[in-house]
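Peer 1: Would you mind keeping the following structure in view while I ask a few things?
The values are calculated or read from the model by the stated rules, or taken from the named source; none is laboratory data. All values reported here derive from a predicted model rather than from experimental measurement. Positions of Cβ are backbone-derived with ideal geometry, glycine not excepted, and every protein chain shown enters the neighbour counts.
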C-alpha cells in the first residue's frame, strides 16, 4: 500500500515523533508507524483522538462553523496533530515535547498531500 511509505517517512522526518496514525472515517486506526509507542499505545491514542475528532466535527457542523482542517492538541509531554483528509479520514502525528511545531505541521501537510494523490484521486 502506498500509505506505508508515507507514514514511515513522516515518522522519520520529525524529531521526537513517537507515532503516526492513519484513521478512517469512524476513528479506527487503519495503519500506523511507531518508534517509542507500542502499536497498542498508538491504537489507544488513535481511538480516543478519533472520538474527540468526531465530537468536534459534530459541534462545528451543528453551529455551521465548517469542518476541521487541522487539530493540534498539546498535552503534558505530547503534541498530537490531526490533519483532515477527504471522506472523513485523518492523518495523525504524535510527537514528544518540546517539538518544532512549524516543521511538524509542514511535514504533516506534505504527507497528507501525498496520501490524497495516492488514495483519493479526482475523477
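Peer 1: Looking only at residues in segment 56-67 that are out of contact with any helix residue (DSSP H, G or I) (no Cβ under 9 Å at 6 or more places or on another chain) and surrounded by 11 or more Cβ atoms within 10 Å (Cβ to Cβ), which one is nearest to residue 27 (Cα to Cα)?
Peer 2: Among those residues, the one meeting the criterion is 56.
Peer 1: A follow-up question, please. Which condition number in (1) surrounded by 15 or more Cβ atoms within 10 Å (Cβ to Cβ); (2) touching a strand residue (DSSP E or B) at 6+ places or on another chain (Cβ under 7 Å); (3) assigned to a loop (DSSP other than H, G, I, E, B) is the one that residue 45 fails?
Peer 2: The number of the failed condition is (3).
Peer 1: Turning to a different aspect of this structure: Filtering segment 12-27 down to residues that are under 24 Å from residue 87 (Cβ atoms) and at pLDDT 90 or above, which residue is surrounded by the most Cβ atoms within 10 Å (Cβ to Cβ)?
Peer 2: Among those that are under 24 Å from residue 87 (Cβ atoms) and at pLDDT 90 or above, it is 20.
Peer 1: Also: When you go through (1) in a helix (DSSP H, G or I); (2) over 28 Å from residue 121 (Cβ atoms) one by one for residue 53, which number turns out not to apply?
Peer 2: The failed condition is (2).
Peer 1: Condition (residue is part of a helix (DSSP H, G or I) and over 15 Å from residue 25 (Cβ atoms)) applied to segment 71-87: is it met by at least one residue?
Peer 2: The answer is no, given that none of the residues of segment 71-87 is part of a helix (DSSP H, G or I) and over 15 Å from residue 25 (Cβ atoms).
Peer 1: Looking only at segment 95-123, how many residues end up being touching a helix residue (DSSP H, G or I) at 6+ places or on another chain (Cβ under 7 Å), over 11 Å from residue 10 (Cβ atoms) and outside any helix (DSSP H, G or I)?
Peer 2: 1
Peer 1: Given the options 78, 49, name the one that is under 12 Å from residue 94 (Cβ atoms) and touching a residue at least 60 places away in the same chain (Cβ under 8 Å).
Peer 2: 78
Peer 1: Right, another one. How about segment 32-42: which of its residues are surrounded by 14 or more Cβ atoms within 10 Å (Cβ to Cβ), outside any helix (DSSP H, G or I) and touching a residue at least 24 places away in the same chain (Cβ under 8 Å)?
Peer 2: 32, 33, 35, 37
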